[in-house]
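Notes to accompany the following structure.
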């Protein structure tokens, strides 16, 4: 699996990470999931990811902070924001900060695969 894309999923709802890992691991993706955003930030410092999928609203660390850290680590990393609070202002703010895409919960595994497919096509 040396040519698989590296994907990091950050969501404080364990079920989201579990479902995304199952859905994406079947493709050409190595997936790491984190429910504690601070641990994900440490991992971003250690490793360059091709795609980071992060919830926007989490306790202690929000998705914008994850986005900014991932973009500082590597400008080629594509960040996809997800949220159960689909507010246009939030989406616009994330896109201004450099997010590649924005998905509202609930989304299907196919929706996420399509978004990640678009992201890796630009890497």
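The values are calculated or read from the model by the stated rules, or taken from the named source; none is laboratory data. This structure is a prediction, so every number in the text was calculated from the model and none was measured. No Cβ is skipped: glycine too gets one built from the backbone with ideal geometry, and neighbour counts run over all protein chains shown.
If you take the residues of the range 71-93 that are without any contact (Cβ under 8 Å) to a residue 24 or more places away in the chain and surrounded by fewer than 18 Cβ atoms within 10 Å (Cβ to Cβ), which of them is nearest to residue 51 (Cα to Cα)? Steps first, answer last, please.
Of all residues in the range 71-93, those without any contact (Cβ under 8 Å) to a residue 24 or more places away in the chain come to 72, 75, 86-89, 91-92.
Right, trim to surrounded by fewer than 18 Cβ atoms within 10 Å (Cβ to Cβ) and you get 72, 75, 86-89, 92.
Working: 72: 14, 75: 11, 86: 21, 87: 23, 88: 22, 89: 23, 92: 19 Å.
Taking the candidates together, the pick is 75.
Can you tell which of 96, 68 is under 14 Å from residue 10 (Cα atoms) and surrounded by fewer than 19 Cβ atoms within 10 Å (Cβ to Cβ)? So that I can check it myself, show each step before the final result.
Details: 96 fails: under 14 Å from residue 10 (Cα atoms).
The match here is 68.
Screening the range 108-117 for residues that are closer than 13 Å to residue 25 by Cα and surrounded by 14 or more Cβ atoms within 10 Å (Cβ to Cβ) and picking the one that is farthest from the chain's Cα centre (by Cα) gives 113. Applying a threshold of 8 Å to beta carbon distances and a minimum spacing of six or more residues, or different chains, the list of pairs starting in the range 95-121 at a residue that is on the phi > 0 side of the Ramachandran plot and without any contact (Cβ under 8 Å) to a residue 40 or more places away in the chain and ending at one that is surrounded by 14 or more Cβ atoms within 10 Å (Cβ to Cβ) and assigned to a strand (DSSP E or B) reads 98/79.
Just one of (1) within 25 Å of residue 106 (Cβ to Cβ); (2) at pLDDT below 95 fails for residue 32. It is (2). Only residues that are in contact (Cβ under 8 Å) with a residue 60 or more places away in the chain, in contact with a strand residue (DSSP E or B) (Cβ under 6 Å, 6 or more places away or on another chain) and over 18 Å from residue 121 (Cα atoms) were counted across the range 1-44, and they come to 2. Within the bounds of the range 100-107, is there any residue that is at pLDDT below 95, farther than 16 Å from residue 20 by Cα, out of contact with any helix residue (DSSP H, G or I) (no Cβ under 6 Å at 6 or more places or on another chain) and surrounded by fewer than 20 Cβ atoms within 10 Å (Cβ to Cβ)? No, there is no match, as no residue in the range 100-107 is at pLDDT below 95, farther than 16 Å from residue 20 by Cα, out of contact with any helix residue (DSSP H, G or I) (no Cβ under 6 Å at 6 or more places or on another chain) and surrounded by fewer than 20 Cβ atoms within 10 Å (Cβ to Cβ).
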